[in-house]
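Asks: Questions regarding the structure given below will be posed in turn.
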Amino acid sequence: MSKIDLDLKKCSKCGLCIKDCPAGVMATGSGGFPEIPESRKPFCIRCGHCEAVCPTSALTLQFRPAEKTGEEPKASALPPAQLEAFLRYRRSIRNYKSDTVPRDELDAVFGALKHSPTGGNSQGIKWLVVNGKEEVRKFTGIAVDWMKFIKENDPEAKLKFSADNFIKAHEKGEDLFCRNAPHLAINYYSALNGSGATDAIIAMTQFELLLSSRGIGSCWGGFFIMAIKSWKPLQTALELPEDFNAGYAMMFGYPSFPYHSVPRRKMVQVRYFPER
């Protein structure tokens, strides 16, 4: 049940909080001041738009009030050229140092990641982080068992061409699933969450960029997430809840070496309607 605190001395009755409410629960109440009628309170999605859009800081949504420790500095838009350069220089890292990322760095990343958008502001994405190269290898070893199963039981499988490479690399002490990275992140969501799959991809994308902003490299673990979704022993080892679906997986750690230029890419194909 949501509740708002309103400073009547600060409120200018501009109505922006009412107009900007995504769920339409805000209304004009007594004296022209905004309020959430009792009948609408259960439908508030606690997105915080009302307090964020208030130009006089008159309104506070009483959701996790302990986090409101004072006025936060206002974020300014990044210069387009700076943001574009940051995105161009981002690389998928497949060679890592053995050093693990300090816990306080990861806590800071996840602290920012809680603002990743979710359908209906459900905020339902959960995370599992595996720390240490050897710990990661325990799970990729189980994924190799999946490759062995494919090779032995489904010779026509599309992954057959890759199975031998993964198995042989593992026997040599290499890791084609997570590239010997010292960390592995997996996010997951309730099977009842209709937007969960999309929410997980958005969150993982923001996770990757937040890591990159701190000099931490990463790479999307496409084969590993396929193993999670296909191989029950891996789901069990990761202790993923029965009523949750895996979203995506990402290896990460400090890059072994820096990159000094931007590789070329095909132009994005865009069609505008109407054409002008």
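Read-outs throughout are calculated quantities, based only on the coordinates presented, and are distinct from any laboratory measurement. Here the structure is a predicted model, which is why all the values come from computation and not from measurement. Ideal geometry is used to build each Cβ from the backbone, glycine not excepted, and the neighbour counts take in all protein chains shown.
Asks: Hey, what do the phi angles of region 94-101 turn into as Karplus ³J(HN,Hα) couplings, whole Hz, using 6.51/-1.76/1.60 and θ = phi - 60°, x for Gly and Pro?
Replies: For region 94-101, the Karplus curve yields 10, 10, 10, 6, 7, 4, 8, 7 Hz.
Asks: While we're on this one: If packing is taken as the mean number of other Cβ atoms within 10 Å per residue, what is the order of 245-255, 123-133, 92-102, highest first?
Replies: Working: 245-255: 22.8, 123-133: 16.9, 92-102: 15.1.
Packing order, densest peptide first, comes out as 245-255, 123-133, 92-102.
Asks: Order 194-207, 263-276 from most to least packed using the mean count of other Cβ atoms within 10 Å. Write down the numbers at each step before the final one.
Replies: Details: 194-207: 18.6, 263-276: 5.2.
The peptides rank, most packed first, as 194-207, 263-276.
Asks: Same structure again: As a check on your grasp of the helix formula, calculate [θ] at 222 nm for the chain: sum -39500 (n - 2.57) over DSSP H runs of n ≥ 4, divide by the residue count, round to the nearest 500. Can you show the working numbers first?
Replies: Values: 9 runs with 96 residues, N = 276.
Value at 222 nm, helices only, nearest 500: -10500 deg cm²/dmol.
Asks: In whole percent, what relative contact order does the chain give with Cα contacts below 8 Å and a gap of six or more residues? Present the calculation step by step, with values, prior to reporting the outcome.
Replies: Values: 385 pairs, mean separation 54.9, N = 276.
Relative contact order comes out at 20 percent.
Asks: Which of rounded, prolate, oblate describes region 166-236, given a ≥ b ≥ c as roots of the alpha-carbon gyration tensor eigenvalues and a/c under 1.5 marking rounded, otherwise prolate only if a/b is larger than b/c?
Replies: Details: a/c = 3.03, a/b = 1.21, b/c = 2.52.
Here region 166-236 falls in the oblate category.
Asks: To continue, here is another question. If you plug each phi of region 35-41 into the Karplus form 6.51 cos²θ - 1.76 cosθ + 1.60 with θ = phi - 60°, what whole-Hz ³J(HN,Hα) values come out, in order, with x for Gly and Pro?
Replies: For region 35-41, the Karplus curve yields 7, 10, x, 3, 5, 9, 4 Hz.
Asks: Follow-up question, since we're still on this one. Which is farthest toward the positive dipole end of the chain among 215, 131, 117, measuring Cα position about the Cα centre, with Cβ charges +1 (Lys, Arg) and -1 (Asp, Glu)?
Replies: 215
Asks: Which pairs, out of 133/266; 138/168; 114/229; 10/114; 97/232; 19/126, put more than 27 Å between their alpha-carbon atoms?
Replies: In this structure, 133/266; 10/114; 97/232; 19/126 exceed 27 Å between Cα atoms.
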